[in-house]
Amino acid sequence: MRTLYFECNMGAAGDMIMAALLELHPDAYGFIERLNKLGIPDVEVVLTKVIKLGITGSQVLVKVRGTEEESHDVHYHGHSNGHSHGYEHSYEHDNNDEHEHSHEHEHHHHAGIEDIDKIIRGLAVSAKVKNDALAVYGLIAEAESRAHGKPVEDVHFHEVGTMDAIVDIVGVCMLIEELNPQIILASPIHIGGGHVRCAHGILPVPAPATAYILRDVPVYGGAIKGELCTPTGAAILKHFVSKFGVLPVMRISNIGYGMGKKDFEAANCVRAYLGETDKHEKEVVELRCNIDDMTPEGIGFALELLMEKGALDVYTTPIGMKKSRPGVLFTCICFRDQVDEMKSLILRHTTTLGIREIACKRYTLHREKSIIETKYGPITIKTATGGGFSKSKPEYEDIAKLARENGVSLNEIMDEIR
């Protein structure tokens, strides 16, 4: 299986991730030329080679109206990875900059999520890139909304920082589409530590928006005092990475180093590996129990809850039980690292007094999704390939949603796909 793995020992920022991916791309400078021609307003992207602690890697510089974003909007108190956020409450370099920065802040134009949506949808990129980019920005907007206690539609971003972040996000989405990994993994994320000073006072690291995005993601702090993971980096990883953990057994074909702008005692980079992992075989676990004293509604509730919590599949089978009672065999299929959670949910939400655990080998086709545009709206197509087979089908939920919204039948939507 073609696998992309991000090593985030020094955190992650959007331009660091993009630079690491560019080192994996067969035509990095050609890609930058295409990126500059997309039409993102007033933006120029420059790719350079740098050396940190003896390691050669790539660094992406984004200039908005000829100036790097960091000098306009985002300044840090103490150490940081040196990457822009472009969000409403930006960090200051030190107390001496506070007055000047506040004065500049008043004269910046701001962009809302609708403005960003319009810019991204107007770019000459694929529907997949647009949808991925908007999903990443949606994570950021939701996090900023929670951090500032205002609705998503009322969250505004600095104009210069917005262009910078759009470049990072769209660039990463394009690179992932072109590199075409079948699965994306990452290490736990080093978030740094200490505090940063913002316009409203001193905040802990990670900043509130970053912390919100990184919920359910394995993170850790360290001796380095400063913000190592930015909201953009966090949102990109949250959207694309399917699992966080140690580097798997992997036949590595290429390695990329995306360098940050600050220097620390450790090499400030995101390292990306591209290679092959075993694809067909993976262990799953079946959790089973017999039930003869629950209502259909109760069983249905438990089944739906387990699926919502990430089970691979949950189903029931009619069985005959002791004392000639009809019952059901309740089966949950999950990965090994989900077993404890699924067992707890089954015991809590069903009447069973015990669960049987059976380890199984699971062989699967490679699955991927694409988006097609129809006159009724976008539809996700699910494709499975492997072993000389290829199977495709549209996502039912998309078809049903468009049928309801447009007042047409499912068959009329299907006719647009055929």
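The values are calculated or read from the model by the stated rules, or taken from the named source; none is laboratory data. All values reported here derive from a predicted model rather than from experimental measurement. Cβ atoms come from the backbone with ideal geometry, glycine included; neighbour counts cover every protein chain shown. For accessibility, only protein heavy atoms count, side chains too; no ligands or nucleic acids. Shrake-Rupley method; radii C 1.70, N 1.55, O 1.52, S 1.80 Å.
Structure values in brief
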| quantity | calculated |
| --- | --- |
| Any pair with Cβ under 8 angstrom, 6 or more apart, that starts in segment 191-203 at a residue that is over 12 Å from Gly226 (Cα atoms) and assigned to a strand (DSSP E or B) and ends at one that is modelled with pLDDT of 75 or more and open to solvent by 30 Å² or more (accessible area, probe 1.4 Å) | Ile202/His195 |
| Scope segment 225-251; condition without any contact (Cβ under 8 Å) to a residue 40 or more places away in the chain and assigned to a loop (DSSP other than H, G, I, E, B); matching residues | Val249 |
| Filtered residues of segment 280-319 (kept if of a type in the set (D, E, K, R) and open to solvent by 80 Å² or more (accessible area, probe 1.4 Å)) | Glu281, Lys282, Asp293, Glu297, Glu304, Glu308, Lys309 |
| Residue satisfying all of: in segment 323-342; among the basic types (Lys, Arg) and more than 14 Å from Leu312 (Cα to Cα); surrounded by the most Cβ atoms within 10 Å (Cβ to Cβ) among these | Arg325 |
| Flag for Met321 being more than 24 Å from Ser242 (Cβ to Cβ) and touching a residue at least 12 places away in the same chain (Cβ under 8 Å) | yes |
| Residue within segment 252-269 that is surrounded by fewer than 19 Cβ atoms within 10 Å (Cβ to Cβ), free of Cβ contacts under 8 Å to residues at least 40 places away in the same chain and of a type in the set (S, T, N, Q) present | yes |
| Test: residue in segment 360-375 that is more than 29 Å from Glu276 (Cα to Cα) and surrounded by 14 or more Cβ atoms within 10 Å (Cβ to Cβ) | yes |
| Residues (surrounded by fewer than 24 Cβ atoms within 10 Å (Cβ to Cβ) and modelled with pLDDT of 80 or more) located in segment 142-158 | Glu142, Ser145, Arg146 |
| Sole exception among (1) under 28 Å from the mean Cα position of the chain (by Cα); (2) assigned to a helix (DSSP H, G or I) for Val314, by number | (2) |
| In segment 204-217, the residues that are open to solvent by 50 Å² or more (accessible area, probe 1.4 Å) and part of a loop (DSSP other than H, G, I, E, B) | Arg215, Asp216 |
| Residue count for segment 370-391, restricted to those that are in contact (Cβ under 8 Å) with a residue 40 or more places away in the chain and either charged (D, E, K, R) or in a helix (DSSP H, G or I) (or both) | 2 |
| Looking only at segment 391-414, and only at residues there that are open to solvent by less than 90 Å² (accessible area, probe 1.4 Å) and either at pLDDT below 90 or of a type in the set (S, T, N, Q) (or both), the one that is nearest to Arg367 (Cα to Cα) | Ser392 |
| Of all residues in segment 19-70 being acidic (Asp, Glu) and open to solvent by less than 70 Å² (accessible area, probe 1.4 Å), the one that is nearest to the chain's Cα centre (by Cα) | Glu23 |
| Segment 343-359: number of residues that are open to solvent by 30 Å² or more (accessible area, probe 1.4 Å) and in a loop (DSSP other than H, G, I, E, B) | 4 |
| Residues satisfying the stated conditions in segment 317-342, i.e. among the hydroxyl-bearing types (Ser, Thr, Tyr) and in a strand (DSSP E or B) | Thr317, Thr331 |
